[in-house]
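The values are calculated or read from the model by the stated rules, or taken from the named source; none is laboratory data. Note that the structure is predicted; figures quoted are calculated from it, not measured. Please note: Cβ atoms are built from the backbone with ideal geometry, for glycine as well, and neighbour counts cover all protein chains shown.
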Amino acid sequence: MSLLTLVIPVYKNEGSIQDLLKAVTGLNSKLEGALEVVFVVDGSPDQCFELLRNALPSQSFVSKLILLSKNFGSFMAIRTGLQYGSGSRFAVMAADLQEPPELVEAMDRILRTEPIDVVVGAGEGRDDPLLSRMASRLFWGFYRRYVVPEIPPGGIDMFGCNLAFRDTLLTLEERHSSLIAQIFWLGFRRKCITYTRIQREHGKSAWTFRKKVNYLMDSVFSFTDLPIRLLTRVGSIGAGSAALLGIVVAFAKLNGMIQVPGYAMIMLTVTFLGCANLMGLGIVGSYAWRTYENTKKRPLAIPMRVESYEGAQ
């Protein structure tokens, strides 16, 4: 039987475990049992692993439960789930159920019936608080402009792919990178479907502002030369401004307009150039640090426990 492997990263989702299992059971029925679910507990500090370990043996679907040794991040958890999946098609869904499970069924149907290698789910609307919607719009707007122009305006939170795309994706063993950007960088035959993001019912999202900023920085440094271009432009503008300032000062000096050396101008100039130098060092250091991290060849995630369940009849 041709299986669909559904990868679900789990982190601080103990409140939604029961609803998640019900949703997956319904999806398994619609797929007539051709479903394998890989739960990857990403070092969650709550009882997610214990709840899943107790519940999965009695579930009707085939499943695997993986516990990572610490919190490596949702994208590393997704990669781990893709590695351990044994299906011929793959899909990813969040454990908080903010993306409708029906979207997984739609992705699977497209992968089975159309000449498509990867399907991405784009959030057409969001049933989230106003502040969250504004932050998301700003984040994805910047992402589209400077990282991946092809990404949908609402960003993507789910994707599905065939075996060939999965195998190629797993060859990109980059630390501090962007899984979403990798999906678009690989190319292949791609299709986008839209959905409305549902408001979270249980718990609080771990996708904090700090994590969004770090993820955006990883995406920028991994897939664009934007910081280097900005640094070059700042240096060029600074050099041009300094040249103009030098001409003005020389003209004023020759005409006796400057009686006392300009302490304030000297301090502002020194401060500006010092900050520009520090910014340049920081940008170069960020690229060098990421290169150094990738040369260590450490595993991207460490599965501490892997358990399999055949599904109750």
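Can you confirm whether F75 is in contact with a helix residue (DSSP H, G or I) (Cβ under 9 Å, 6 or more places away or on another chain), surrounded by 21 or more Cβ atoms within 10 Å (Cβ to Cβ) and assigned by TED's automatic domain parsing to the domain that holds E174? No; evaluated as a whole, the condition is false for this residue.
Yes/no matrix, rows are residues, columns are (1) assigned to a loop (DSSP other than H, G, I, E, B); (2) under 19 Å from S308 (Cα atoms); (3) among the aromatic types (F, W, Y); (4) at pLDDT below 90:
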residue: S16; (1), (2), (3), (4): no, no, no, yes
residue: F39; (1), (2), (3), (4): no, yes, yes, no
residue: F49; (1), (2), (3), (4): no, yes, yes, yes
residue: S63; (1), (2), (3), (4): no, yes, no, yes
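Name the residues in region 174-190 that are modelled with pLDDT under 85 and on the phi > 0 side of the Ramachandran plot, would you? Result: H176, G187. Comparison of Q59, Q98 shows that the only residue that is out of contact with any helix residue (DSSP H, G or I) (no Cβ under 9 Å at 6 or more places or on another chain) and in contact (Cβ under 8 Å) with a residue 60 or more places away in the chain is Q98.
The residue of region 78-95 that is modelled with the lowest pLDDT, among those that are touching a helix residue (DSSP H, G or I) at 6+ places or on another chain (Cβ under 7 Å) and outside any helix (DSSP H, G or I), is A95. Screening V120 against (1) under 24 Å from G26 (Cα atoms); (2) at pLDDT below 70 leaves a single unmet condition, (2).
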